[in-house]
Each structure stands twice: as C-alpha cells, then as structure tokens.
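Working notes, beginning with the structure itself.
Every read-out reported here was derived from the displayed coordinates using simple, explicitly stated rules and does not represent laboratory data. None of the values given here were measured: they were computed from a predicted structure. For neighbour counting, all protein chains shown are included, and Cβ atoms are generated from backbone atoms with ideal geometry for every residue, glycine included.
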Amino acid sequence: QQPVQSPQAVILREGEDAVINCSSSKALYSVHWYRQKHGEAPVFLMILLKGGEQKGHDKISASFNEKKQQSSLYLTASQLSYSGTYFCGTDRYSGGGADGLTFGKGTHLIIQP
Amino acid sequence: GAGVSQSPSNKVTEKGKDVELRCDPISGHTALYWYRQSLGQGLEFLIYFQGNSAPDKSGLPSDRFSAERTGGSVSTLTIQRTQQEDSAVYLCASSSWAKGPNYGYTFGSGTRLTVV
C-alpha cells in the first residue's frame, strides 16, 4: 500500500519552517526520506528505524511513530536549496527497505526569497 | 564507479518496438532496484535484485517487462512491444545493506523513455 503524503504542495518564504507528513495503512519497520530536484535523481536524506527515534542533520530532521504508522519531516529556517519534491518510502515487507520501498506521491516544496 | 550510471539518458521509440535500459550500480553494492516515475506520480517499484539471488519481480506491470543482472553488477531492463503508457522515467538505484540499515538508496539520473 502506497503511503499518503501531506501536504501535496507548499510554498514558503526563505527562513520559514515546514512539516511534511507521511502516513501508512500498514505496520512499518522503517521510513526513508528523499529529495528530488527537477530533472535530477532523488537523493537520500535519512532513514528512521522502528523505535521512534528522531533523526536529523543541519536543519532537516524527522520523527517516526510506528504506533500511528506515521513519519514527519521537519525543515526549519528553510533555505532556497531546500526546494524540490520530497518523497517518503516505506518498507514493502519488513526488511527496513532492503527488499524495496513503496514511495508516496511526493510533496512539492517551493522556497521563495 | 562513483555513482549509479544509467544509459541512455533519453530514448524515443516507436510503439511496438523493444527497448533496453542499462544500469551500472555503485561498485560493491549488492542490492539493485528499478523504479518507474510517471509525471506527477511517485516512484513505482518494478524489480529488486540482491546479489546472485533470484529477483523479486512482483512489481513488473506486465510480461512485456523483464530484467536481468549479470555477474551481480550491471542490470538491463527490457520492455518488449512498447506501448504509449510505458512512457516514463525509469530510475535505477543501488544500496549496500551489508553495511547496516542506515544506508539508503543511491539513484541514477534515469532514462526518460518516450513511446510515440
């Protein structure tokens, strides 16, 4: 089952914060987050494993609540370089993504100066 | 290589023709994945290879699609008798799960397939 991402699109001013949500109808063992800029390959941001641990680097962080089968990606003090489409990927089976991921339809993030 | 390499980057073909798309993963990455990305859609899983094990073909949309991976490295995705609905960007990714679960996928730049 494909995870559901929200919002579908968001437009921010530079310096504002954003939250992107990813919900699944099935139990999760891991959630991956990727960013894709127009015409480029998706780039891995982070993986969250079962345990609810929040991870992050720089001003991008994420949380994983396996009880609610949800993950959220937080972008604080957004920069122009954060623009792109963000995808969450959830396990196809229980291998933490090793045997493939099912991706959401993506969230388009536009950062304006 | 330094990254995942895909060729060709663009392919225009006539309806009914066969096409082959190539993926050269990062050296040492045992896992290889093919995804399809259509306009406005997410990434659709097609097939997964792990080392020399039999591939997981459960995402292939029809029997016109097939893939192989030679020597645990280079992979070729073949689409026979192409249809217009096959038009999409085909992405290949590789990963090294032997290092642990904290490594994600490295994607190639994709092959944009247009069936006319």
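Pairs of Lys residues in region A:4-112 that lie 8 or more places apart, or on two chains, and have C-alpha atoms under 19 angstrom apart add up to 10. Evaluated at q = 0.17 Å⁻¹, a Debye calculation over the C-alpha positions of region A:4-112 (equal weights, vacuum) places log10 I(q)/I(0) at -0.73. Remark: mean inter-chain Cβ contacts per residue of B:37-43 equal 5, using a 10 Å Cβ-Cβ cutoff to other protein chain atoms. Approximating the spin labels as points 7 Å out from Cα along Cα→Cβ, the B:ASN52-to-B:GLU14 distance works out to 4.2 nm.
Pull out a ≥ b ≥ c, the square roots of the eigenvalues of the alpha-carbon gyration tensor of region A:55-105, then state rounded if a/c is under 1.5, prolate if not and a/b is larger than b/c, and oblate in the remaining case.
Working: a/c = 2.46, a/b = 1.73, b/c = 1.43.
Prolate shape, in that a/c is at least 1.5 and a/b is the bigger ratio.
With distances taken between every two different alpha-carbon atoms, chain B has a Kirkwood hydrodynamic radius of 14.2 Å.
Across region B:104-111, computed HN-Hα scalar couplings (Karplus, 6.51 cos²θ - 1.76 cosθ + 1.60, θ = phi - 60°) run x, 8, 10, 8, x, 7, x, 10 Hz from first to last residue, x flagging Gly and Pro. In region A:2-34, which residues have a backbone nitrogen under 14 Å from the label point lying 7 Å from A:LYS50's Cα in the Cα-to-Cβ direction? A:26-31, by backbone N distance to the label point.
Contact order, relative form, for chain A: 36 percent (alpha carbon pairs under 8 Å, 6 or more residues apart, mean separation divided by residue count). Per residue, the convex hull spanned by the Cα atoms of the protein assembly as shown amounts to 121 cubic angstrom.
Of the peptides A:26-34, B:24-32, the order by per-residue mean of other Cβ atoms within 10 Å, starting with the highest, comes out as A:26-34, B:24-32. For the listed peptides B:88-97, B:11-20, a ranking on the average number of other beta carbons within 10 Å per residue, highest first, reads B:88-97, B:11-20.
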